[in-house]
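J.: Submitted below is the structure of interest, expressed as structure tokens.
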Amino acid sequence: MTTRFATLFDRLPEGEGAYVPFIMLGDPSLEDSVAIARAAVAGGADALEIGVPYSDPVADGPAIQDSHVRGLEAGTTFERAMETLSRMREEFPELPISMLIYANLPFALGLERFYRLVAEAGADAVLLPDLPVRESAPFTKAAEAAGVDPVFIAPPRASAETLAAIAGASRGYVYAISRDGVTGTERASETTGLDRTVGELREHGSAPALLGFGISTPEQVRAAIDAGAAGAITGSAITKLIAAHLVPRDGEDERDAHRFRDDAARTEALGEVEAFVVGMKAATRPE
């Protein structure tokens, strides 16, 4: 079966990469998450990566950690997240959508049930950032049985053996990390060694690699594609755009920090997300 991600990469013009924004469900509310997704798609996003809030997001830096907190404060449960994902799927029936979620939830729900639920909600792929590929066999089996693409992270300087395993286990795409560390720190994205990573993945028949961690400018998107990536993913930069328009945490009631300051701030934030995506998507096209 041809998946939406496979269709995306097949239809992109030669030399053009995919641009994929990350959106945390429930930050600052589930209703706002749908509006943010709508703004990103209007800006030209080729796909979406959707996060589900979790209390211990070990792969994420401060900006996305804060978005996890705001999502939890807004009452985002797995069930409500799936309802919101279903709304996005109904609105964007052809758009590839990947889910980023930590592995404790599928483990707690049961793998078969978890992947069945995300498939029914409309997710095309699932990335579990804290699941090493060497422990992935039961997850991959359950994902494929439900028709969901399992996605794995290709870390920088990974061994040939590890890259071969990632290529064999991943479907849809591979999430290539641009550098060591966590998301959204002050360290910029890097492409050193990316050509070697992409080359080895391709040798093993891998799904296309999208570069993430620290991608915040059009120049970084272009550099990723020039180095061999099939596109780029941005998370923290978009999260920061949203956070700048929320009630500040030093206000009188921190419980209000998961909402926009007012309707004007919401409108401005959505406009900034759309404009940001327009610029990042433009960088995926060859000059």
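J.: Give me the Debye-computed log₁₀ of I(q)/I(0) at q = 0.10, 0.14 Å⁻¹ for the range 1-138, equal point scatterers on Cα only, no solvent, two decimals.
T.: -0.33, -0.65
J.: Accessible area, 1.4 Å probe, largest first: how do Lys141, Lys240 sort?
T.: Largest to smallest exposure gives the sequence Lys141, Lys240.
J.: Per DSSP H run of n ≥ 4, the term is -39500 (n - 2.57); total these for the chain, divide by its residue number, and report the mean residue ellipticity at 222 nm rounded to 500 deg cm²/dmol.
T.: Dividing the helical sum by the residues of the chain leaves -14000 deg cm²/dmol.
J.: Got a number for carbon plus sulfur as a percent of the range 18-283's accessible area, 1.4 Å probe?
T.: 52
J.: Pairs of Cα atoms under 8 Å, at least six residues apart: use those to get the relative contact order of the chain, whole percent.
T.: Reported relative contact order: 22 percent.
J.: With a cap of 12 neighbouring Cβ atoms within 10 Å, and only residues DSSP puts in a loop, list the GluC sites (Glu not before Pro) found in the range 1-96.
T.: Sites meeting the loop and neighbour criteria: Glu14, Glu94.
J.: Right, another one. Over the chain, give the accessible area per residue in Å² for a 1.4 Å probe, as an integer.
T.: Averaged over the residues of the chain, the accessible area is 43 Å².
J.: Continuing with this model, one more query. Can you run phi through the Karplus equation (6.51, -1.76, 1.60; θ = phi - 60°) for the range 144-153 and list ³J(HN,Hα) in whole Hz, with x for Gly and Pro?
T.: Once θ is set to phi - 60°, the couplings for the range 144-153 become 5, 5, 8, x, 10, 6, x, 10, 10, 8 Hz.
J.: Hey, how much of the P(r) for the chain falls beyond 31 Å, as a percent of Cα pairs?
T.: In whole percent, the long-distance tail amounts to 21.
J.: Also, I was wondering about something else. Name the most mobile residue of Ala176, Ala158, Ala74, meaning the one with the largest mean-square fluctuation, in a Gaussian network model of the chain with Cα contacts below 10 Å.
T.: Largest GNM mean-square fluctuation: Ala158.
J.: Calculate how many DSSP beta bridges within the chain are antiparallel, expressed in % of all such bridges and rounded to the nearest 5.
T.: Antiparallel bridges: around 5 percent, rounded to the nearest 5.
The values are calculated or read from the model by the stated rules, or taken from the named source; none is laboratory data. Here the structure is a predicted model, which is why all the values come from computation and not from measurement. Counting neighbours? That spans all protein chains shown, and the Cβs are built from the backbone with ideal geometry, glycine included. SASA here: full protein model, heavy atoms, side chains in, ligands and nucleic acids out. Shrake-Rupley method; radii C 1.70, N 1.55, O 1.52, S 1.80 Å.
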